[in-house]
């Protein structure tokens, strides 16, 4: 259109921030520098492309448009309708789904939408306990889910620390849940979604599969997909490498007529009513555009091949740490997650202390609770590591060997101080920090 230029309008956005708010600009710059100079071994994080960032920072941020494409509450929605339809179409292609809802603001919100769509307050939910790797939104003690529903947890086997499906089936038979939730935030082994569906069917329950941590692997075929097994599947979109947000998917059950809240209608319709006006108002249309960009990227051969390298790197990391004498839970990993009990070598050394001393040396990990550890979360000896970001930056098994050696050197040099503190001499810390920076220079942000 003559006199107007989208490219001209959007160019220089970061310079506009620098001119109008130097304080925020400096903090964003500091975060970029932190990411550029440290090794990110965070299982729950990934990195989106510059194209995704561009969609997030576009004029779509300003559009208000409640409802779904073709049925908005606000005028001027023709373009954003096209964007949402594109995102939905691509999401269905990426996951092989019959239905996709791209509006949830987060993975947690997606879970809340599904739960509220299908259950009456007080009905029963069977989900994985947080202390054994489950997610807070699945019904932890302080979650919104627990406040309105009757939640009981299943746990990993005390000896093997893997899921015992026979025990879960027994628990389901005793409890009689209306909804079973599978999927985890800190579980390093493959999940049998087909077995979970059989357990749910035997109980007359719905099955919700939350694959936020596994979605990239599911896209690539590196982990079994729940789309054909679960009634509903949810995921965040940032963990597989897209923008912040959530996603709801369904396979063969999407148009199945079900009765909830006294109304019989297709399952997809219950989900959409629970989305708007149920839990959300206007969707984040810039995020939906960014999701569409990401879904296109996820259809590429490069993206899919990278997920197999993510697993290869995680297996190498687990093996290196086992060889160095660490207790890696379940003896390894089937996905991108490596769980380590650092207190197995020194009982007075906590996961929190390990996280802090590693970060001081430029290696960023998460602390996490361990199954059947009676200590508080701050004192438990667990750390959770993941390989999506280092793999995206181009690192392979040789670099993983180097990272493992540096992490081991840090943990051997550190000394516990109090319940969750540590001390480490400056010389080894500075030496390792320098080696970390050298590695980061070779493999910059992509």
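Pick out the one residue from 310, 340 that is touching a residue at least 24 places away in the same chain (Cβ under 8 Å), assigned to a strand (DSSP E or B), surrounded by 19 or more Cβ atoms within 10 Å (Cβ to Cβ) and in contact with a strand residue (DSSP E or B) (Cβ under 9 Å, 6 or more places away or on another chain). Going through 310, 340 in turn, just one is touching a residue at least 24 places away in the same chain (Cβ under 8 Å), assigned to a strand (DSSP E or B), surrounded by 19 or more Cβ atoms within 10 Å (Cβ to Cβ) and in contact with a strand residue (DSSP E or B) (Cβ under 9 Å, 6 or more places away or on another chain): 340. All of (1) in a loop (DSSP other than H, G, I, E, B); (2) over 26 Å from residue 251 (Cβ atoms) hold for residue 32 with one exception: (1).
Scanning segment 174-199 for residues that are in a helix (DSSP H, G or I), closer than 18 Å to residue 155 by Cβ and in contact with a strand residue (DSSP E or B) (Cβ under 7 Å, 6 or more places away or on another chain) yields 175, 196, 199. Within segment 376-421, the only residue that satisfies the criterion of being in contact with a strand residue (DSSP E or B) (Cβ under 7 Å, 6 or more places away or on another chain), in contact (Cβ under 8 Å) with a residue 12 or more places away in the chain and surrounded by fewer than 17 Cβ atoms within 10 Å (Cβ to Cβ) is 417.
Of all residues in segment 95-154, those satisfying the criterion of being within 24 Å of residue 222 (Cβ to Cβ) and more than 19 Å from the chain's Cα centre (by Cα) are 96, 97, 98, 99.
Among the residues making up segment 343-356, those that are in contact (Cβ under 8 Å) with a residue 40 or more places away in the chain, in contact with a helix residue (DSSP H, G or I) (Cβ under 7 Å, 6 or more places away or on another chain) and crowded, with 22+ Cβ neighbours inside 10 Å are 350, 354.
Have a look at 228, 183, 246 and point out the one that is touching a residue at least 12 places away in the same chain (Cβ under 8 Å), surrounded by fewer than 22 Cβ atoms within 10 Å (Cβ to Cβ) and within 23 Å of residue 101 (Cα to Cα). Give the steps one after another, and end with the answer.
Working: 183 fails: surrounded by fewer than 22 Cβ atoms within 10 Å (Cβ to Cβ); 246 fails: surrounded by fewer than 22 Cβ atoms within 10 Å (Cβ to Cβ).
Just a single option satisfies the conditions, and that option is 228.
Within segment 410-420, can one find any residue that is under 21 Å from residue 187 (Cα atoms) and in contact with a helix residue (DSSP H, G or I) (Cβ under 7 Å, 6 or more places away or on another chain)? Within segment 410-420, none of the residues are under 21 Å from residue 187 (Cα atoms) and in contact with a helix residue (DSSP H, G or I) (Cβ under 7 Å, 6 or more places away or on another chain).
The set of residues in segment 262-294 being in contact with a strand residue (DSSP E or B) (Cβ under 9 Å, 6 or more places away or on another chain) and either under 19 Å from residue 53 (Cα atoms) or outside any helix (DSSP H, G or I) (or both) consists of 264, 265, 266, 291. Within segment 23-40, the presence of a residue that is surrounded by 14 or more Cβ atoms within 10 Å (Cβ to Cβ), more than 24 Å from the chain's Cα centre (by Cα) and over 27 Å from residue 440 (Cα atoms) is excluded. Note on segment 389-402: residues that are closer than 19 Å to residue 308 by Cβ and either in a helix (DSSP H, G or I) or in contact with a helix residue (DSSP H, G or I) (Cβ under 6 Å, 6 or more places away or on another chain) (or both) total 9. Among residues of segment 28-40 that are not assigned by TED's automatic domain parsing to the domain that holds residue 407, those with a beta-carbon under 7 Å from a residue that is surrounded by fewer than 16 Cβ atoms within 10 Å (Cβ to Cβ) and assigned to a helix (DSSP H, G or I) at least six positions away or on a different chain give the pairs 37/437. The single condition from (1) touching a strand residue (DSSP E or B) at 6+ places or on another chain (Cβ under 6 Å); (2) under 30 Å from residue 303 (Cα atoms); (3) free of Cβ contacts under 8 Å to residues at least 12 places away in the same chain that residue 363 fails is (3).
If you go through segment 153-173, how many residues are in a helix (DSSP H, G or I) and in contact with a strand residue (DSSP E or B) (Cβ under 9 Å, 6 or more places away or on another chain)?
4
Among the residues making up segment 64-84, those that are surrounded by fewer than 18 Cβ atoms within 10 Å (Cβ to Cβ) and more than 19 Å from residue 266 (Cβ to Cβ) are 64, 66, 73, 74, 75, 76, 78, 79, 81, 82.
The values are calculated or read from the model by the stated rules, or taken from the named source; none is laboratory data. Model, not experiment: these values are computed from the prediction. In this analysis, Cβ positions are derived from the backbone assuming ideal geometry, glycine residues included, and neighbour counts consider all displayed protein chains.
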